[in-house]
Amino acid sequence: MLSALSLSAISFALISSQAPTAMQAPIVAVSRLADLPNTTVRYYDVTGKDIASLNRSIAKQRPKVPGSSLSPASLTWNVRAAFDQRTENAQCKVTAARATLTATADLPRLVNQEALDGEMLGRWRHYAADLETGQLIVLVFVHSRLGQVEQAMLASDCENAKAAGTAAIEQLRNKTAALKLKREESSSLSQWLVANADLPDEGDKVICEDIAGPPSSRNTLHLCMLPRDWETLRETSQ
């Protein structure tokens, strides 16, 4: 019997018990948000020729997300958690669990690049890339913790499995909320330029690592980021 319950950004479904299909999950190469499974990226158009005009365009065009601060980049994500149960001799047991992440991100896209001089265009590209990386870090962190949601349900009895999954997802939300606040401290273009004025040029010094997904899917993300972005991800994981 199939039943489903949505709790704000948390979804649960109880599914009938089925034997998992044995297969080797692929390694997903991730260099941008659109590479992540089940992720939709939407762009809003921005115009301008200098910091002031670009900031004005962002403020006017950026999506207004209810209950969220007015950031130039927004992200919503949802974890759908499902578990199998089997009853034998009047005893119900959780036999399998699955947690699936879906997400939608909104990012600015410059549509009049020819109006910017070379220096300003370079600044914009770094800024836009950093906005996207900030959203990517959040989703990679959640992806890497989906196994904890599944384990919480597996360790519970049938009656409490949904609540156990809810609690695990809320822990993820608390972690990502702290990261979001940190990123938004320098969210406008002018604020970002001031905050990053003294950062060293790391050029092509990217570090590539594999990030394991939940046991149910065994999806592995192959991710390449700058050292400072890996540091942010690890700080969030602590």
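The values are calculated or read from the model by the stated rules, or taken from the named source; none is laboratory data. Bear in mind the structure is a predicted one, so any value in this text is a computation, not a measurement. Counting neighbours? That spans all protein chains shown, and the Cβs are built from the backbone with ideal geometry, glycine included.
Exactly one of (1) of a type in the set (Lys, Arg); (2) in a helix (DSSP H, G or I); (3) in contact (Cβ under 8 Å) with a residue 60 or more places away in the chain; (4) surrounded by fewer than 14 Cβ atoms within 10 Å (Cβ to Cβ) is unmet by ARG109. Its number?
It fails just one condition, (2).
Given the criterion loosely packed, with under 13 Cβ neighbours inside 10 Å, outside any helix (DSSP H, G or I) and modelled with pLDDT of 90 or more, identify the matching residue among GLU209, GLU159, GLU202. Spell out how you get there, then give the answer.
Details: GLU159 fails: outside any helix (DSSP H, G or I); GLU202 fails: modelled with pLDDT of 90 or more.
After ruling out the rest, the residue left standing is GLU209.
Does ARG80 satisfy the condition of being closer than 30 Å to VAL206 by Cβ and among the basic types (Lys, Arg)? Please lay out each step first, then the result.
On the way: closer than 30 Å to VAL206 by Cβ: no; among the basic types (Lys, Arg): yes.
Considered against the rule, which asks whether it is closer than 30 Å to VAL206 by Cβ and among the basic types (Lys, Arg), ARG80 comes out as no.
Anything in the range 221-235 that is crowded, with 17+ Cβ neighbours inside 10 Å and under 13 Å from HIS143 (Cα atoms)? List them, or say none.
Once the filter is applied, which keeps residues that are crowded, with 17+ Cβ neighbours inside 10 Å and under 13 Å from HIS143 (Cα atoms), the range 221-235 yields LEU221, LEU223, LEU233.
Of all residues in the range 27-61 being within 29 Å of ASN219 (Cβ to Cβ) and touching a helix residue (DSSP H, G or I) at 6+ places or on another chain (Cβ under 8 Å), which is surrounded by the most Cβ atoms within 10 Å (Cβ to Cβ)? Write out each step before concluding.
Of the range 27-61, the ones within 29 Å of ASN219 (Cβ to Cβ) are 27-43.
Now narrow it down to the ones that are touching a helix residue (DSSP H, G or I) at 6+ places or on another chain (Cβ under 8 Å): 28-30, 32-33, 36, 39, 41.
Details: VAL28: 17, ALA29: 11, VAL30: 21, ARG32: 14, LEU33: 20, LEU36: 23, THR39: 21, VAL41: 18.
Here the answer is LEU36.
Give all pairs with beta carbons closer than 7 Å in which a residue from the range 125-149 that is touching a residue at least 40 places away in the same chain (Cβ under 8 Å) meets a residue that is part of a helix (DSSP H, G or I) and of a type in the set (Ser, Thr, Tyr); count only pairs at least 6 apart in sequence or on separate chains.
Note: pairs meeting the criteria are ILE137/THR232; VAL138/THR176; PHE141/THR176; PHE141/THR236; PHE141/SER237; VAL142/THR176.
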